[in-house]
1. Please work out which residue is surrounded by the most Cβ atoms within 10 Å (Cβ to Cβ), limiting yourself to region 265-280 and to residues that are part of a helix (DSSP H, G or I) and not charged (D, E, K, R).
2. Which one of these is of a type in the set (Lys, Arg) and touching a strand residue (DSSP E or B) at 6+ places or on another chain (Cβ under 7 Å): Arg158, Arg181, Arg187?
3. Exactly one of these conditions fails for Ser303: (1) within 23 Å of Ile129 (Cβ to Cβ); (2) surrounded by 18 or more Cβ atoms within 10 Å (Cβ to Cβ); (3) out of contact with any Pro (no Cβ under 7 Å at 6 or more places or on another chain). Give me its number.
4. Tally up the residues in region 130-157 that are closer than 17 Å to Gly79 by Cα and touching a residue at least 60 places away in the same chain (Cβ under 8 Å), please.
5. Go through (1) more than 17 Å from Asp230 (Cβ to Cβ); (2) crowded, with 16+ Cβ neighbours inside 10 Å one by one and return the number of the condition Tyr98 breaks.
6. Could you please tell me which pairs satisfy a Cβ distance under 7 Å, a separation of 6+ or placement on different chains, a first residue in region 248-275 that is touching a residue at least 60 places away in the same chain (Cβ under 8 Å) and within 22 Å of Tyr95 (Cβ to Cβ), and a second residue that is surrounded by 17 or more Cβ atoms within 10 Å (Cβ to Cβ) and of a type in the set (Ser, Thr, Tyr)?
7. Go through Ala138, Ala171 for me and flag whichever is among the hydrophobic types (A, V, I, L, M, F, W, C) and outside the structural domain of Ala84 (by TED's automatic domain parsing).
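The values are calculated or read from the model by the stated rules, or taken from the named source; none is laboratory data. What you see is a predicted model, and the numbers here were worked out from it, not measured in a lab. Positions of Cβ are backbone-derived with ideal geometry, glycine not excepted, and every protein chain shown enters the neighbour counts.
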Amino acid sequence: MRPLSLFGLERSRELAQRVAARLEIALARHEEREFEDGEHKARPLDDVRGHDAYVLHGLYGEDGASGNDKLCRLLFFCGALKDAGARCVTAVVPYLCYARKDRRTKPRDPIITRYVAAMFEALGIDRVIALEVHNLAAFENAFRIPTVRIEAAPLFARHFAGQLRGESVVAVSPDAGGAKRAEQFRRAFEELAAAAAGSAYMEKYRSSGVVSGEILAGEVGGRTAVIIDDLISTGGTLVRAAKACRAAGAARVFAAAAHGLFIGGAAELLAEPALDGLVVTDTVPPFRLAPGIAPGRLAVLDSSEAIAEAILACHGGG
């Protein structure tokens, strides 16, 4: 088996270190330099010739580093690894930027997910690993190289199986397109909790930024509803679904999303009385939330074990 090297680029180093600890290896050394005109370079300091090289970098935007900037840094560093003789280079992107722009919704719309994929392919990157992409079929079809999607459903199921043991639970998708994601959670929850769970989903239409649709399909009355989504932006979709569940008689309502962007009205989301709690993973640190906001209402789950398992599976040919 080829040697394995794991790199964690700046701003994603903390998560990369936890993944390395799960793999029982040290992070490979690299150097990143900034230039006065805003350009940058990165190079490996350890020999990677003949190695399976994995580069972890979350492509979310934050102060001082947009998603575009992080994407360039990841691509350039992966290119440097190929030039340095790495046998196989895998980009590990817990959060993949532009994953939501995967189809045309208006005439002459761009399909940016495909353009991003083309850049990965042009640099000679051999594989992409991402956690809970927006649309699995679009993600797989956009890339001409192997892709791995890590499901967030097992993480959420493990969390809620202990917290909601003995309660009647229903998995709710906030729109019809996310029904498979909610179903994955429902099955994982049933297996861990050894109890049956129901399914429900919200009607949702979006046009020019305006969301409509009020029908809630499925029985939630007297039950604990767990709303499952891939990401939280402003939180409007989750609030809408939570209020619908409450109106339909749900006893308690929780929400879980893989990526917590928390843009705009996220503070109001955590204070929303229709929600009893919110769960996200650490693919995007909750840096946009004020310290101490809504104590006890937000849980952040560690994704490092799931990422490490995906890396080991790929490295071992699984």
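1. Step one: of region 265-280, the residues part of a helix (DSSP H, G or I) are 266-271.
Next cut, not charged (D, E, K, R) only: 266-267, 269-271.
Values: Ala266: 22, Ala267: 15, Leu269: 24, Leu270: 20, Ala271: 12.
The extreme case among them is Leu269.
2. Values: Arg158 fails: touching a strand residue (DSSP E or B) at 6+ places or on another chain (Cβ under 7 Å); Arg187 fails: touching a strand residue (DSSP E or B) at 6+ places or on another chain (Cβ under 7 Å).
After applying the criteria, what remains is Arg181.
3. (3)
4. Number satisfying all stated conditions: 0.
5. (1)
6. Close Cβ pairs satisfying both conditions: Ala258/Thr281; Ala258/Thr283; His259/Tyr95; His259/Thr283; Leu261/Tyr60; Leu261/Ser233.
7. Numbers: Ala138 fails: outside the structural domain of Ala84 (by TED's automatic domain parsing).
Sole residue among the options that is among the hydrophobic types (A, V, I, L, M, F, W, C) and outside the structural domain of Ala84 (by TED's automatic domain parsing): Ala171.
Residue-by-condition table, conditions (1) charged (D, E, K, R); (2) farther than 15 Å from His159 by Cβ; (3) at pLDDT below 95; (4) buried (at least 17 other Cβ atoms within 10 Å of the Cβ):
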{"residue": "Thr234", "(1), (2), (3), (4)": "no, yes, yes, no"}
{"residue": "Thr237", "(1), (2), (3), (4)": "no, yes, yes, yes"}
{"residue": "Gly249", "(1), (2), (3), (4)": "no, yes, no, no"}
{"residue": "Ile263", "(1), (2), (3), (4)": "no, yes, yes, no"}
{"residue": "Asp282", "(1), (2), (3), (4)": "yes, no, no, yes"}
